[in-house]
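Accompanying notes for the structure given below.
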Amino acid sequence: MSDRDAPLLSLRGVEKSFANGVQALQGLDLEARQGEFLSLLGPSGCGKSTALRLIAGLSSPGAGGVAWRDGVRPDIGFVFQEPTLMPWASVARNVYLPLRLKGVAWPDAAPRVAAALDGVGLAHFADAYPRELSGGMRMRVSIARALATRPPLLLMDEPFAALDEITRFKLNDDLLALARELSTTVIFVTHSVFESVYLSTRIAVFSARPGRVIETISIDGPERRDADFRLSPEFAGFCRRASAALDRASAEERR
């Protein structure tokens with residue numbers, strides 16, 4: 001395999017335990033390829049979010065490790081479960097934050113901030129404040145902030161879990177469009193079988209804690225997803241397979 005064909009990142013034999021004695025991950029093997037949309041699906045507390053934090057470099061494994069294709073962790077965007085916006089700052093200044101941390105002056109950053117907001121449909125809300133936005137709009141700002149630096153890898157930890165279904169469907173579509181436009185690799189944590197099938201090119205199903213991958217499902221659906229895909233027999237078949245794998249993971253938890 002050439003370097004170009006190698007996975008963007010690989011986790012091999014990863015284990016992670018916490019000071020309270022809880023073992024979150026054990027023998028985790030996982031890889032992500034350039035340009036794919038990989039969802040991590042599994043029961044609550046199975047280590048999916050822990051895996052994201054290890055990939056982001058926010059935590060270190062107790063055993064095993066994360067290997068990068070070029071030997072260096074690239075720029076990473078991270079979208080958390082909550083938007084975590086600065087309430088005292090405007091939408092534009094919230095999106096500017098990662099660029100400011102990289103030392104980019106506002107005059108140089110302003111066009112990139114505007115482009116990021118336009119990409120999430122909030123071009124006219126640059127001067128608004130988080131308190132003036134709906135929950136879905138605040139999450140859009142969070143996504144724009146994560147993408148402002150155009151990172152090659154975007155990590156998302158259940159970003160749409162608290163939103164109503166209509167808003168969630170719209171953000172799913174917007175996210176797919178942005179990922180295509182920016183050629184961004186996405187690793188997405190979710191508890192939703194339907195969301196994972198709709199968004200993903202591949203799903204990694206985690207066992208109950210300590211987490212490991214018990215099945216990987218390739219979603220050979222259309223490149224551009226839409227409402228027709230959600231209503232198709234093909235979609236239903238992928239959902240049945242993912243549900244069955246999730247049931248096996250949950251059965252382990254009950255034993």
> What residue, of PRO111, PRO74, PRO130, is open to solvent by 30 Å² or more (accessible area, probe 1.4 Å) and touching a Pro at 6+ places or on another chain (Cβ under 6 Å)?
Replying inline: PRO74
> Residue check: is ALA146 touching a residue at least 40 places away in the same chain (Cβ under 8 Å), touching a strand residue (DSSP E or B) at 6+ places or on another chain (Cβ under 7 Å) and assigned to a helix (DSSP H, G or I)?
Replying inline: yes
> Could you list, in sequence order, the residues of segment 2-34 that are out of contact with any Pro (no Cβ under 9 Å at 6 or more places or on another chain), outside any strand (DSSP E or B) and not charged (D, E, K, R)?
Replying inline: SER2, ALA6, PRO7, PHE18, ALA19, ASN20, GLY21
>> Condition first: in a loop (DSSP other than H, G, I, E, B) and either in contact with a Lys or Arg (Cβ under 6 Å, 6 or more places away or on another chain) or surrounded by 13 or more Cβ atoms within 10 Å (Cβ to Cβ) (or both). Now tell me which residues in segment 85-103 satisfy that.
In response: LEU85, ALA89, SER90
>> Going by what's in this entry, would TRP106 be described as among the aromatic types (Phe, Trp, Tyr), open to solvent by 80 Å² or more (accessible area, probe 1.4 Å) and at pLDDT 95 or above?
In response: no
>> So in segment 191-212, with the set limited to residues that are out of contact with any Ser or Thr (no Cβ under 8 Å at 6 or more places or on another chain) and among the basic types (Lys, Arg), which one is least open to solvent (accessible area, probe 1.4 Å)?
In response: ARG212
> So which pairs qualify, if the first residue must be in segment 119-132 and on the phi > 0 side of the Ramachandran plot and modelled with pLDDT under 95, the second must be open to solvent by less than 80 Å² (accessible area, probe 1.4 Å) and charged (D, E, K, R), the Cβ gap must be under 7 Å, and the two must be at least 6 apart or on different chains?
Replying inline: GLY121/ARG140; GLY121/ASP174
>> Can you find a residue that is in contact (Cβ under 8 Å) with a residue 60 or more places away in the chain and more than 22 Å from PHE194 (Cα to Cα) anywhere in segment 51-64?
In response: yes
>> Here is a check on your reading of the model: is PHE188 among the aromatic types (Phe, Trp, Tyr), part of a strand (DSSP E or B) and either open to solvent by less than 10 Å² (accessible area, probe 1.4 Å) or modelled with pLDDT under 95 (or both)?
In response: yes
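The values are calculated or read from the model by the stated rules, or taken from the named source; none is laboratory data. None of the values given here were measured: they were computed from a predicted structure. Glycine gets a Cβ as well: all are built from the backbone with ideal geometry, and neighbour counts include every protein chain shown. In case anyone asks, the SASA skips ligands and DNA or RNA and just uses the protein heavy atoms, side chains included. Shrake-Rupley method; radii C 1.70, N 1.55, O 1.52, S 1.80 Å.
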